[in-house]
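Structure first, then comments.
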Amino acid sequence: MILITGGTGYIGAHVALECMVRGEEVLILDNLCNSQRSAIDRISVLAGKRPGFIFGDVRNRRLLDSVLRDYPIDAVVHCAGLKAVGESVREPLRYYNTNVGGSVVLCQAMAQAGIFRLVFSSSATVYGDCTCMPINESCATGQPTNPYGMSKLMCENVMKSVASSDPRWSIGLLRYFNPIGAHASGLLGEAPTSTPNNLLPYLLQVALGERRALAVFGNDYPTPDGTGVRDYIHVEDLALGHIRALDALRDRRGVSLWNLGTGRGYSVLDVVKAFEKVSGIPIPLNVEARRPGDIACCWADPQKSIEELGWQARHGLEKMLADAWRWQCNQHKRDEVRKAN
Ligand code: NAD
Ligand code: UFG
(Lines give C-alpha, C1' and ligand atoms only; values in the text may rest on other atoms or scores of the structure.)
(Ligands and ions follow the chains in the order given, each with its own letter.)
Protein backbone atom coordinates (compact mmCIF):
# COMPACT_ATOMS: atom_id res chain seq x y z
CA MET A 1 0.00 0.00 0.00
CA ILE A 2 1.22 3.50 -0.90
CA LEU A 3 0.64 6.40 1.47
CA ILE A 4 0.18 9.67 -0.43
CA THR A 5 0.39 12.79 1.71
CA GLY A 6 -1.38 15.73 0.09
CA GLY A 7 -3.25 13.20 -2.04
CA THR A 8 -6.42 15.27 -2.47
CA GLY A 9 -4.35 18.15 -3.94
CA TYR A 10 -3.68 18.85 -7.59
CA ILE A 11 -0.64 16.65 -8.11
CA GLY A 12 -1.29 14.13 -5.32
CA ALA A 13 -4.73 13.26 -6.72
CA HIS A 14 -3.24 12.45 -10.12
CA VAL A 15 -0.52 10.36 -8.47
CA ALA A 16 -3.14 8.53 -6.38
CA LEU A 17 -5.21 7.76 -9.46
CA GLU A 18 -2.19 6.55 -11.45
CA CYS A 19 -1.15 4.26 -8.56
CA MET A 20 -4.67 2.81 -8.34
CA VAL A 21 -4.91 2.28 -12.09
CA ARG A 22 -1.74 0.23 -11.74
CA GLY A 23 -3.36 -1.95 -9.09
CA GLU A 24 -1.74 -0.42 -6.00
CA GLU A 25 -3.70 0.08 -2.80
CA VAL A 26 -3.65 3.78 -1.90
CA LEU A 27 -4.11 5.61 1.39
CA ILE A 28 -4.36 9.41 1.24
CA LEU A 29 -3.51 11.65 4.19
CA ASP A 30 -4.47 15.31 3.80
CA ASN A 31 -5.63 18.11 6.08
CA LEU A 32 -7.69 19.65 3.23
CA CYS A 33 -6.14 23.08 3.76
CA ASN A 34 -5.90 23.52 -0.01
CA SER A 35 -8.12 20.81 -1.45
CA GLN A 36 -11.52 19.23 -1.05
CA ARG A 37 -12.82 15.89 0.09
CA SER A 38 -14.73 15.63 -3.21
CA ALA A 39 -11.39 14.81 -4.89
CA ILE A 40 -11.73 11.37 -3.27
CA ASP A 41 -15.08 10.80 -5.02
CA ARG A 42 -13.62 11.84 -8.36
CA ILE A 43 -10.56 9.61 -7.95
CA SER A 44 -12.95 6.76 -7.06
CA VAL A 45 -15.04 7.29 -10.20
CA LEU A 46 -11.95 7.23 -12.40
CA ALA A 47 -10.20 4.35 -10.62
CA GLY A 48 -13.31 2.21 -10.15
CA LYS A 49 -12.53 1.86 -6.46
CA ARG A 50 -12.10 4.10 -3.45
CA PRO A 51 -8.73 5.08 -1.97
CA GLY A 52 -8.44 5.12 1.80
CA PHE A 53 -8.56 8.59 3.31
CA ILE A 54 -7.24 9.95 6.60
CA PHE A 55 -8.09 13.54 7.43
CA GLY A 56 -5.07 14.86 9.27
CA ASP A 57 -1.88 16.84 9.38
CA VAL A 58 1.44 15.44 8.25
CA ARG A 59 3.10 17.19 11.22
CA ASN A 60 1.02 15.13 13.67
CA ARG A 61 3.51 12.50 14.78
CA ARG A 62 1.04 10.47 16.82
CA LEU A 63 -1.33 10.27 13.88
CA LEU A 64 1.47 9.24 11.52
CA ASP A 65 2.72 6.59 13.94
CA SER A 66 -0.73 5.05 14.13
CA VAL A 67 -1.31 5.23 10.36
CA LEU A 68 2.05 3.60 9.62
CA ARG A 69 1.35 0.94 12.26
CA ASP A 70 -2.25 0.19 11.27
CA TYR A 71 -1.93 0.03 7.46
CA PRO A 72 0.42 -2.16 5.41
CA ILE A 73 2.28 0.83 3.93
CA ASP A 74 5.44 0.01 2.04
CA ALA A 75 6.22 3.37 0.43
CA VAL A 76 5.28 7.02 0.82
CA VAL A 77 4.79 9.77 -1.77
CA HIS A 78 5.09 13.07 0.07
CA CYS A 79 3.16 15.77 -1.78
CA ALA A 80 1.67 17.58 1.24
CA GLY A 81 2.89 21.12 1.52
CA LEU A 82 2.24 24.78 0.91
CA LYS A 83 3.21 26.17 -2.49
CA ALA A 84 2.25 29.82 -2.97
CA VAL A 85 5.43 31.82 -3.48
CA GLY A 86 3.98 35.25 -2.56
CA GLU A 87 2.29 33.88 0.55
CA SER A 88 5.58 32.31 1.63
CA VAL A 89 7.20 35.75 1.64
CA ARG A 90 4.44 37.08 3.92
CA GLU A 91 4.23 33.99 6.14
CA PRO A 92 7.65 32.33 6.08
CA LEU A 93 7.26 30.51 9.39
CA ARG A 94 4.08 28.79 8.25
CA TYR A 95 5.93 27.61 5.15
CA TYR A 96 9.00 26.35 7.01
CA ASN A 97 6.82 24.76 9.66
CA THR A 98 4.60 22.91 7.17
CA ASN A 99 7.08 22.04 4.46
CA VAL A 100 10.25 21.40 6.46
CA GLY A 101 8.57 20.44 9.75
CA GLY A 102 6.17 18.10 7.92
CA SER A 103 9.04 16.37 6.12
CA VAL A 104 11.03 15.93 9.34
CA VAL A 105 8.08 14.40 11.20
CA LEU A 106 7.26 12.13 8.26
CA CYS A 107 10.85 10.85 8.04
CA GLN A 108 10.94 10.26 11.81
CA ALA A 109 7.69 8.29 11.73
CA MET A 110 8.76 6.28 8.67
CA ALA A 111 12.08 5.33 10.29
CA GLN A 112 10.28 4.35 13.47
CA ALA A 113 7.91 2.15 11.45
CA GLY A 114 10.73 0.63 9.40
CA ILE A 115 9.49 2.11 6.10
CA PHE A 116 12.30 3.55 4.01
CA ARG A 117 10.98 4.11 0.46
CA LEU A 118 10.05 7.75 -0.07
CA VAL A 119 9.27 9.92 -3.09
CA PHE A 120 9.31 13.66 -2.46
CA SER A 121 7.63 16.50 -4.42
CA SER A 122 10.55 18.83 -4.96
CA SER A 123 10.80 21.61 -7.47
CA ALA A 124 13.03 23.12 -10.13
CA THR A 125 13.04 26.15 -7.85
CA VAL A 126 15.96 24.48 -5.99
CA TYR A 127 18.20 25.30 -8.99
CA GLY A 128 17.72 29.02 -8.25
CA ASP A 129 18.81 31.26 -11.12
CA CYS A 130 20.71 28.51 -12.89
CA THR A 131 22.18 29.75 -16.15
CA CYS A 132 23.09 26.43 -17.77
CA MET A 133 20.16 25.42 -19.96
CA PRO A 134 18.83 22.80 -20.12
CA ILE A 135 19.17 22.12 -16.39
CA ASN A 136 20.40 18.67 -15.44
CA GLU A 137 20.55 17.10 -12.00
CA SER A 138 24.28 17.69 -11.62
CA CYS A 139 23.80 21.47 -11.93
CA ALA A 140 24.39 22.97 -8.50
CA THR A 141 21.37 23.91 -6.46
CA GLY A 142 21.15 27.68 -6.23
CA GLN A 143 19.77 30.25 -3.89
CA PRO A 144 15.96 30.18 -4.17
CA THR A 145 14.59 33.72 -4.03
CA ASN A 146 11.73 33.10 -1.59
CA PRO A 147 10.90 31.07 1.56
CA TYR A 148 8.87 28.53 -0.45
CA GLY A 149 11.90 27.72 -2.61
CA MET A 150 14.18 27.72 0.44
CA SER A 151 11.85 25.29 2.19
CA LYS A 152 12.05 22.85 -0.75
CA LEU A 153 15.84 23.03 -0.75
CA MET A 154 15.86 22.51 3.03
CA CYS A 155 13.60 19.45 2.66
CA GLU A 156 15.97 18.01 0.07
CA ASN A 157 18.91 18.58 2.43
CA VAL A 158 17.04 17.00 5.35
CA MET A 159 16.35 13.93 3.21
CA LYS A 160 19.95 13.73 1.97
CA SER A 161 21.19 13.80 5.59
CA VAL A 162 18.64 11.21 6.65
CA ALA A 163 19.68 8.90 3.81
CA SER A 164 23.38 9.28 4.68
CA SER A 165 22.66 8.41 8.29
CA ASP A 166 20.99 5.07 7.56
CA PRO A 167 21.66 2.91 4.48
CA ARG A 168 18.16 1.48 4.47
CA TRP A 169 16.63 4.63 2.97
CA SER A 170 15.67 4.85 -0.72
CA ILE A 171 14.57 8.40 -1.44
CA GLY A 172 13.62 9.93 -4.78
CA LEU A 173 13.69 13.72 -4.99
CA LEU A 174 11.50 14.62 -7.96
CA ARG A 175 12.23 18.11 -9.22
CA TYR A 176 9.08 19.19 -10.99
CA PHE A 177 9.31 21.87 -13.64
CA ASN A 178 5.96 23.61 -14.36
CA PRO A 179 3.05 21.19 -13.94
CA ILE A 180 -0.11 22.22 -15.80
CA GLY A 181 -3.06 20.46 -17.44
CA ALA A 182 -5.65 18.19 -15.92
CA HIS A 183 -6.91 14.65 -16.18
CA ALA A 184 -8.26 14.04 -19.70
CA SER A 185 -11.71 13.22 -18.23
CA GLY A 186 -12.08 16.79 -16.93
CA LEU A 187 -12.73 15.36 -13.45
CA LEU A 188 -9.40 16.13 -11.76
CA GLY A 189 -7.45 19.36 -11.98
CA GLU A 190 -6.11 22.37 -10.16
CA ALA A 191 -8.67 24.34 -8.16
CA PRO A 192 -7.03 27.41 -6.63
CA THR A 193 -8.97 28.79 -3.69
CA SER A 194 -7.56 32.33 -3.91
CA THR A 195 -6.21 34.57 -6.69
CA PRO A 196 -3.84 32.34 -8.65
CA ASN A 197 -0.13 33.24 -8.84
CA ASN A 198 0.70 30.89 -11.64
CA LEU A 199 0.30 31.55 -15.32
CA LEU A 200 -2.11 28.81 -16.29
CA PRO A 201 -4.78 29.11 -13.58
CA TYR A 202 -4.81 32.89 -14.07
CA LEU A 203 -5.08 32.60 -17.85
CA LEU A 204 -7.99 30.15 -17.49
CA GLN A 205 -9.89 32.59 -15.27
CA VAL A 206 -9.37 35.34 -17.86
CA ALA A 207 -10.68 32.98 -20.55
CA LEU A 208 -13.83 32.40 -18.48
CA GLY A 209 -14.34 36.14 -18.11
CA GLU A 210 -13.71 36.01 -14.36
CA ARG A 211 -10.72 38.34 -14.74
CA ARG A 212 -10.24 41.16 -17.20
CA ALA A 213 -6.76 40.56 -18.62
CA LEU A 214 -3.64 38.50 -18.16
CA ALA A 215 -0.66 40.45 -16.85
CA VAL A 216 2.50 39.48 -18.72
CA PHE A 217 5.29 39.93 -16.21
CA GLY A 218 8.02 41.47 -18.35
CA ASN A 219 8.70 41.43 -22.09
CA ASP A 220 12.33 42.47 -21.84
CA TYR A 221 13.93 39.15 -20.87
CA PRO A 222 16.76 37.82 -23.06
CA THR A 223 14.38 35.28 -24.67
CA PRO A 224 13.13 35.08 -28.29
CA ASP A 225 10.01 37.21 -27.62
CA GLY A 226 11.15 38.85 -24.37
CA THR A 227 8.77 36.91 -22.09
CA GLY A 228 9.76 34.25 -19.53
CA VAL A 229 10.38 30.72 -20.80
CA ARG A 230 9.36 27.63 -18.77
CA ASP A 231 9.14 23.88 -19.19
CA TYR A 232 5.41 23.11 -18.85
CA ILE A 233 4.64 19.47 -18.13
CA HIS A 234 1.30 17.66 -18.21
CA VAL A 235 0.25 16.62 -14.72
CA GLU A 236 -0.57 13.11 -16.01
CA ASP A 237 3.00 12.73 -17.29
CA LEU A 238 4.22 14.01 -13.94
CA ALA A 239 2.08 11.45 -12.09
CA LEU A 240 3.54 8.65 -14.18
CA GLY A 241 7.03 9.84 -13.17
CA HIS A 242 6.11 9.04 -9.54
CA ILE A 243 5.13 5.49 -10.44
CA ARG A 244 8.42 4.95 -12.24
CA ALA A 245 10.34 6.47 -9.32
CA LEU A 246 8.56 4.22 -6.81
CA ASP A 247 9.53 1.21 -8.95
CA ALA A 248 13.13 2.32 -9.46
CA LEU A 249 13.63 2.93 -5.72
CA ARG A 250 13.07 -0.77 -4.99
CA ASP A 251 16.58 -1.42 -6.37
CA ARG A 252 18.32 1.73 -5.16
CA ARG A 253 19.61 3.01 -1.85
CA GLY A 254 20.37 6.56 -0.76
CA VAL A 255 19.04 9.63 -2.54
CA SER A 256 18.25 9.79 -6.24
CA LEU A 257 17.56 13.07 -8.03
CA TRP A 258 15.27 13.17 -11.04
CA ASN A 259 14.05 16.11 -13.10
CA LEU A 260 10.45 15.82 -14.24
CA GLY A 261 10.22 18.12 -17.24
CA THR A 262 9.72 17.77 -20.97
CA GLY A 263 13.02 19.30 -22.08
CA ARG A 264 11.21 21.99 -24.06
CA GLY A 265 10.68 25.63 -23.07
CA TYR A 266 7.77 27.86 -24.06
CA SER A 267 7.41 31.60 -23.49
CA VAL A 268 4.39 33.26 -21.89
CA LEU A 269 3.31 34.44 -25.35
CA ASP A 270 3.73 30.92 -26.80
CA VAL A 271 1.37 29.63 -24.09
CA VAL A 272 -1.18 32.38 -24.74
CA LYS A 273 -1.12 31.76 -28.51
CA ALA A 274 -1.45 28.00 -28.10
CA PHE A 275 -4.34 28.49 -25.68
CA GLU A 276 -6.15 30.84 -28.05
CA LYS A 277 -5.77 28.25 -30.79
CA VAL A 278 -7.08 25.40 -28.64
CA SER A 279 -10.02 27.29 -27.10
CA GLY A 280 -10.86 29.84 -29.79
CA ILE A 281 -10.96 32.49 -27.06
CA PRO A 282 -8.85 35.65 -27.35
CA ILE A 283 -6.90 36.53 -24.19
CA PRO A 284 -6.49 40.25 -23.43
CA LEU A 285 -2.95 41.00 -22.26
CA ASN A 286 -1.34 43.77 -20.23
CA VAL A 287 2.41 43.89 -20.31
CA GLU A 288 3.67 44.78 -16.85
CA ALA A 289 7.01 44.99 -15.05
CA ARG A 290 8.99 41.84 -14.30
CA ARG A 291 7.77 39.97 -11.22
CA PRO A 292 10.42 40.12 -8.47
CA GLY A 293 12.27 36.84 -8.11
CA ASP A 294 11.39 35.55 -11.60
CA ILE A 295 14.09 34.16 -13.83
CA ALA A 296 14.25 34.46 -17.63
CA CYS A 297 14.41 30.79 -18.56
CA CYS A 298 14.02 27.41 -16.96
CA TRP A 299 13.79 24.12 -18.76
CA ALA A 300 14.86 20.60 -17.95
CA ASP A 301 17.30 18.12 -19.31
CA PRO A 302 15.17 15.00 -18.74
CA GLN A 303 17.86 12.55 -19.93
CA LYS A 304 18.61 11.10 -16.48
CA SER A 305 14.94 10.32 -15.89
CA ILE A 306 14.66 8.82 -19.36
CA GLU A 307 17.66 6.55 -18.73
CA GLU A 308 17.10 5.64 -15.08
CA LEU A 309 13.31 5.63 -14.87
CA GLY A 310 12.37 4.76 -18.46
CA TRP A 311 10.10 7.78 -18.18
CA GLN A 312 9.52 10.53 -20.69
CA ALA A 313 6.80 13.16 -20.93
CA ARG A 314 4.44 12.34 -23.80
CA HIS A 315 1.98 15.21 -23.96
CA GLY A 316 2.62 18.45 -25.85
CA LEU A 317 1.57 21.98 -24.96
CA GLU A 318 -1.74 21.99 -26.84
CA LYS A 319 -2.91 18.79 -25.14
CA MET A 320 -1.97 20.26 -21.72
CA LEU A 321 -3.96 23.39 -22.49
CA ALA A 322 -6.96 21.55 -23.96
CA ASP A 323 -7.19 19.33 -20.87
CA ALA A 324 -6.80 22.30 -18.51
CA TRP A 325 -9.55 24.16 -20.38
CA ARG A 326 -11.94 21.18 -20.26
CA TRP A 327 -11.42 20.89 -16.50
CA GLN A 328 -11.91 24.63 -15.98
CA CYS A 329 -15.16 24.66 -17.99
CA ASN A 330 -16.47 21.68 -16.00
CA GLN A 331 -15.55 23.39 -12.73
CA HIS A 332 -17.33 26.52 -13.87
CA LYS A 333 -20.48 24.53 -14.71
CA ARG A 334 -20.35 22.81 -11.31
CA ASP A 335 -20.02 26.20 -9.57
CA GLU A 336 -22.97 27.62 -11.51
CA VAL A 337 -25.15 24.64 -10.56
CA ARG A 338 -24.09 25.00 -6.91
CA LYS A 339 -24.95 28.71 -6.91
CA ALA A 340 -28.33 28.05 -8.56
CA ASN A 341 -29.33 25.52 -5.88
P1 NAD B 1 -1.85 21.44 -3.71
O2 NAD B 1 -1.94 22.59 -2.78
O3 NAD B 1 -2.93 21.26 -4.70
O4 NAD B 1 -1.68 20.09 -2.89
C5 NAD B 1 -1.01 20.04 -1.65
C6 NAD B 1 -1.90 19.24 -0.70
O7 NAD B 1 -1.24 19.16 0.56
C8 NAD B 1 -3.25 19.90 -0.48
O9 NAD B 1 -4.27 18.94 -0.67
C10 NAD B 1 -3.21 20.35 0.99
O11 NAD B 1 -4.48 20.32 1.59
C12 NAD B 1 -2.23 19.35 1.58
N13 NAD B 1 -1.52 19.83 2.77
C14 NAD B 1 -0.89 21.01 2.94
N15 NAD B 1 -0.35 21.06 4.17
C16 NAD B 1 -0.64 19.89 4.78
C17 NAD B 1 -0.36 19.34 6.06
N18 NAD B 1 0.34 20.04 6.96
N19 NAD B 1 -0.80 18.10 6.34
C20 NAD B 1 -1.51 17.39 5.44
N21 NAD B 1 -1.82 17.87 4.22
C22 NAD B 1 -1.39 19.10 3.90
O23 NAD B 1 -0.43 21.59 -4.43
P24 NAD B 1 0.17 20.72 -5.63
O25 NAD B 1 0.34 21.60 -6.79
O26 NAD B 1 -0.57 19.45 -5.77
O27 NAD B 1 1.63 20.45 -5.05
C28 NAD B 1 1.97 19.23 -4.43
C29 NAD B 1 3.44 19.29 -4.03
O30 NAD B 1 4.23 19.54 -5.18
C31 NAD B 1 3.75 20.42 -3.04
O32 NAD B 1 4.68 19.95 -2.11
C33 NAD B 1 4.37 21.48 -3.92
O34 NAD B 1 5.26 22.29 -3.21
C35 NAD B 1 5.09 20.64 -4.96
N36 NAD B 1 5.31 21.35 -6.23
C37 NAD B 1 4.24 21.87 -6.89
C38 NAD B 1 4.47 22.58 -8.09
C39 NAD B 1 3.30 23.20 -8.83
O40 NAD B 1 3.54 24.08 -9.66
N41 NAD B 1 2.07 22.77 -8.61
C42 NAD B 1 5.76 22.74 -8.59
C43 NAD B 1 6.81 22.16 -7.90
C44 NAD B 1 6.58 21.46 -6.70
N1 UFG C 1 3.55 34.86 -15.55
C2 UFG C 1 2.93 35.95 -16.14
N3 UFG C 1 1.73 36.33 -15.63
C4 UFG C 1 1.11 35.70 -14.59
C5 UFG C 1 1.76 34.59 -14.00
C6 UFG C 1 2.99 34.21 -14.50
O7 UFG C 1 3.45 36.54 -17.08
O8 UFG C 1 0.02 36.12 -14.17
C9 UFG C 1 4.84 34.39 -16.11
C10 UFG C 1 5.99 34.39 -15.13
O11 UFG C 1 6.63 35.64 -15.10
C12 UFG C 1 6.85 33.25 -15.68
C13 UFG C 1 5.84 32.27 -16.29
O14 UFG C 1 4.65 33.04 -16.49
O15 UFG C 1 7.67 33.74 -16.73
C16 UFG C 1 5.53 31.10 -15.37
O17 UFG C 1 5.14 31.60 -14.09
P18 UFG C 1 4.43 30.66 -12.99
O19 UFG C 1 4.10 31.55 -11.84
O20 UFG C 1 3.32 29.90 -13.62
O21 UFG C 1 5.56 29.61 -12.63
P22 UFG C 1 7.03 29.83 -12.06
O23 UFG C 1 7.98 29.28 -13.08
O24 UFG C 1 7.27 31.20 -11.60
O25 UFG C 1 7.03 28.90 -10.76
C26 UFG C 1 6.43 27.61 -10.76
C27 UFG C 1 5.84 27.33 -9.38
C28 UFG C 1 6.94 27.20 -8.38
C29 UFG C 1 7.91 26.14 -8.82
C30 UFG C 1 8.44 26.46 -10.20
C31 UFG C 1 9.28 25.30 -10.66
O32 UFG C 1 5.00 28.41 -8.97
O33 UFG C 1 6.38 26.79 -7.16
O34 UFG C 1 7.36 26.63 -11.12
O35 UFG C 1 9.93 25.58 -11.83
F36 UFG C 1 8.93 26.10 -7.96
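Principal-axis analysis of the Cα atoms of the chain puts helix 147-165 at an angle of about 30° to the longest axis. If you run the Gaussian network model on the chain, springs between alpha carbon atoms under 10 Å, then out of T141, T262, T227 the most flexible one is T141. Sparse packing (at most 16 other Cβ atoms within 10 Å of the Cβ) combined with a DSSP loop state is found for the following trypsin sites (Lys or Arg not before Pro) in the range 1-87: R22, R37, K49.
Evaluating 6.51 cos²θ - 1.76 cosθ + 1.60 at θ = phi - 60° for every residue in the range 47-58, the Karplus couplings come out as 8, x, 7, 9, x, x, 9, 10, 7, x, 9, 5 Hz, glycine and proline recorded as x. Database remark: amide H of C297 closer than 5 angstrom to the amide H of V229 (H placed geometrically; neighbours at sequence offset of 5 or more, or on other chains; Pro and chain starts carry no H). Quick one: of K152/K319; K152/K339; K304/K333; K152/K333; K160/K273; K273/K333, which pairs are farther than 32 Å apart, Cα to Cα? The pairs that break the limit, which is 32 Å between Cα atoms, are K152/K339; K304/K333; K152/K333; K160/K273. Solvent-accessible surface of the range 1-96, averaged per residue with a 1.4 angstrom probe and all protein chains in place: 45 square angstrom.
According to the Cα-based calculation, Rg over Rh for the range 2-340 is 0.95, with Rh computed by the Kirkwood formula.
First compute the accessible area of the chain with a 1.4 Å probe, then give the percent of it belonging to carbon and sulfur atoms. Roughly 50 percent of what the probe reaches on the chain is carbon or sulfur.
Between the helical axis of 102-113 and the longest alpha-carbon principal axis of the chain there is an angle of about 30 degrees. With respect to the chain, whose longest principal axis is taken over its alpha-carbon atoms, helix 61-70 is tilted by about 70°. Its DSSP H runs of at least 4 residues, each contributing -39,500 (n - 2.57), put the calculated 222 nm mean residue ellipticity of the chain at -12500 deg cm²/dmol, to the nearest 500.
The values are calculated or read from the model by the stated rules, or taken from the named source; none is laboratory data. Worth saying up front: this structure is predicted, and the values here are computed from it rather than measured. All Cβ positions, even for glycine, are placed from backbone atoms using ideal geometry, and neighbour counts span all protein chains on display. Quick note on the areas: whole protein, heavy atoms, side chains included, nothing else; ligands and nucleic acids left out. Shrake-Rupley method; radii C 1.70, N 1.55, O 1.52, S 1.80 Å.
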